[in-house]
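Worksheet for the structure shown next.
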Amino acid sequence: MNAAAPAQSFAGRQALRVLIIDDEPVDRERCVRFIKQIPGVDSNVIGVETIAEADQQLRLGRFDCVITDYHLSDETGLDFAAKHHDDGDPPIILLTGNGSETVVLEALRTGVADYLIKSSLTANGLQRAIQNAVEKSDLRDSVRARNETIARANQTLQKRSNEIQRFYHTVSHELKTPLTAAREFISLVVDGVAGDINDQQREFLVHAVDCCDQLAMHFNDLVETARFETGKLQLQRRPGRIEKVVLRAVFSVSAQANDRGVTLLHHLPPELPDVYMDDGRILQVVANLLTNAIKFTEPGGRIELTVTRADADHVQVSVQDSGCGIEPEHLDHIFERLYQVPRAEEHATGGGLGLGLCIAKEIVELHGNRLQVTSKRGQGSTFYFSVPVAHPHLPNPEETFQ
Ligand code: ADP
């Protein structure tokens, strides 16, 4: 018994449908013969004499390839190619009488897949040209299909990203408004506006106000994260004094440090240049690093904020603590959204959402630098970043590119 012959294919096809446009019956028949000789392929070749008939055939069904003569009774082969070079149209091979340069150039410009000179046409040459044209066209189709898939995925992502942004805004607005109101009413009671309260009641209500503030901060973090993830976090940079920002940050957390029983020190060199920054945002970064340092340092510990001139173009801010430190395997992840180092201790997360460092990193990067950390478990951590010096007579980095 004979073993079945392996199925052959031609340009990835077992069946090939070709349209030939030529008003010379002999030439047409020759092309049909050459195509029928392709081994292992079921060829279906249709021959027509005019472009009008060819247009009709294309309307009726799909072809893998079209071969057209240049001179035809109604139009030229190039006119035909010009009408049929859209996505999904079959590749076109032009047969020219003499290979004149003008025709060839025009043919390539029109987008024909190949051209062959009629007088020297061979079976091999025609088959190779068809194979190349079909393979190239398939490749183009698959690239197009992939691009369409990517474009669709992109659209979906864009839509989701807008939805997330809207969701964060709605949540933030809907929750923050009543939260702010609740905080104000509690504050009124604390201030005695609604009558006398005893010390214990005051203590509880002050705690309630703190909780409202903490919640408001978390909402802000969520909205900020959504903002930079959708590319909407923008800086307002101008030359400013880093000392002022650092001192404001220290002031804003000093009560917290005090309550926690940690010493907070700061070191500022006497002369610092102006830096080019969004001072509100840099304040946010420094305050976040200090808050973390306080959260993750045990009572009796020490935090030092140091500002130095790193080099001619940068001022560096570092926050060093003597706290619990971070294991090496977590160091790369702490800047990721929502990442918190898993800890066994009580109050291990310090009540955060795991967004602060991610936002801080983004802000420092928008200033053209990196937020970095060195740390050892049990030996404290140092977070540091640089801000660019504002050179009065030079354009600042992004102004150069505008
Ligand atoms: P959050 O503090 O709100 O949890 P962050 O993004 O600011 O979020 O920090 C992410 C995590 O990095 C923290 O949960 C903590 O595990 C770790 N971390 C940050 N700062 C320090 C620090 N100074 N010392 C020890 N761990 C820290």
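Per-structure values
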| quantity | calculated |
| --- | --- |
| Options V171, Q201, A181, ranked by Cα towards positive dipole end of region 155-230, top entry (Cβ charges) | V171 |
| Mean separation of Cα contacts under 8 Å, 6 or more apart, over the residue count of region 1-147: relative contact order % | 23 |
| Long pairs among K83/K118; K159/K295; K36/K83; K232/K376; K83/K136; K232/K295, criterion Cα-Cα beyond 26 Å | K159/K295; K36/K83; K232/K376; K232/K295 |
| Antiparallel bridges, percent of DSSP beta bridges restricted to the chain (to nearest 5) | 50 |
| Angle between the chain longest axis and helix 199-229 axis [Cα atoms, degrees, rounded to 10] | 20 |
| Computed lengthening from R144 to Q236, 0.36 nm per intervening residue step minus Cα-Cα distance | 29.0 nm |
| In Å, descending, principal axis extents of the Cα set of region 1-159 | 58, 56, 30 |
| Antiparallel bridge percentage (DSSP; both residues within region 28-138; nearest 5) | 10 |
| Most mobile of D321, D141, D274 in a GNM of the chain (Cα contacts under 10 Å) | D141 |
| Theoretical gain in end-to-end length, L108 to D89 [0.36 nm per residue, Cα-Cα removed] | 5.2 nm |
| FRET efficiency, 1/(1 + (r/R0)^6) with R0 60 Å, evaluated for N258 and E101 via beta carbons | 0.10 |
| Given charges at Cβ of Lys, Arg, Asp, Glu: the chain dipole, positive-most of P39, L16, L95 | P39 |
| Options T374, Y115, L247, ranked by Cα towards positive dipole end of the chain, top entry (Cβ charges) | T374 |
| Spin-label zone in region 213-253 - amide nitrogen under 18 Å from a point set 7 Å from the Cα of R337 along the C-beta vector | 218-234 |
| About the Cα centre, charge dipole magnitude for region 235-401 (Lys/Arg +1, Asp/Glu -1 at Cβ), debye | 260 |
| For region 380-391, 3J(HN,Hα) per residue [Karplus equation, 6.51 cos²θ - 1.76 cosθ + 1.60, θ = phi - 60°, Hz, x = Gly/Pro] | x, 9, 10, 9, 8, 7, 10, 10, x, 5, 8, 7 |
| Cα long-axis angle, helix 356-366 against the chain (0 to 90 degrees, to the nearest 10) | 60 |
| Under 12 Å, Cβ to Cβ, from N162 - net charge with Lys/Arg +1 and Asp/Glu -1 | +2 |
| Coil-residue GluC sites (Glu not before Pro) of region 224-283, DSSP, other Cβ within 10 Å capped at 14 | E271 |
| Net charge, D321 excluded, C-beta distance under 14 Å - Lys, Arg +1, Asp, Glu -1 | +3 |
| Theoretical FRET efficiency, 1/(1+(r/R0)^6), r = Cβ-Cβ of L272 and E327, R0 45 Å, to 0.05 | 0.85 |
| At most 14 other Cβ within 10 Å, DSSP loop - trypsin sites (Lys or Arg not before Pro), region 203-237 | K232 |
| Within the chain, helix-based [θ] at 222 nm, where runs of 4 or more DSSP H residues each add -39,500 (n - 2.57), nearest 500 | -16500 deg cm²/dmol |
| Percent RCO, i.e. relative contact order, over the chain, from Cα pairs under 8 Å lying at least 6 residues apart | 10 |
| C-alpha long axis of helix 25-36 to longest principal axis of the chain, angle in ° | 60 |
| Virtual spin-label span in nm between N162 and L247, 7 Å along Cα→Cβ | 4.7 |
| Cβ-placed point charges (K, R +1; D, E -1), dipole of the chain about Cα centre in debye, nearest 20 | 540 |
| Sites A181 and V209, calculated FRET efficiency, Cβ-Cβ separation with R0 22 Å, nearest 0.05 | 0.95 |
| Charge dipole (debye, nearest 20) of region 15-146; +1 at Cβ of Lys and Arg, -1 at Cβ of Asp and Glu | 560 |
| Average Cα contact separation per residue, region 155-230, under 8 Å, 6 or more apart, as relative contact order % | 47 |
| Added length on full extension, which subtracts the Cα-Cα distance from 0.36 nm per residue, L366 to N44 | 109.7 nm |
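Read-outs: derived from the displayed coordinates by stated rules, not from any lab. Keep in mind that what you see is a predicted model, and the values were worked out from it rather than measured. Here the Cβ is made from the backbone with ideal geometry for all residues, glycine too, and neighbour counts use every protein chain on show.
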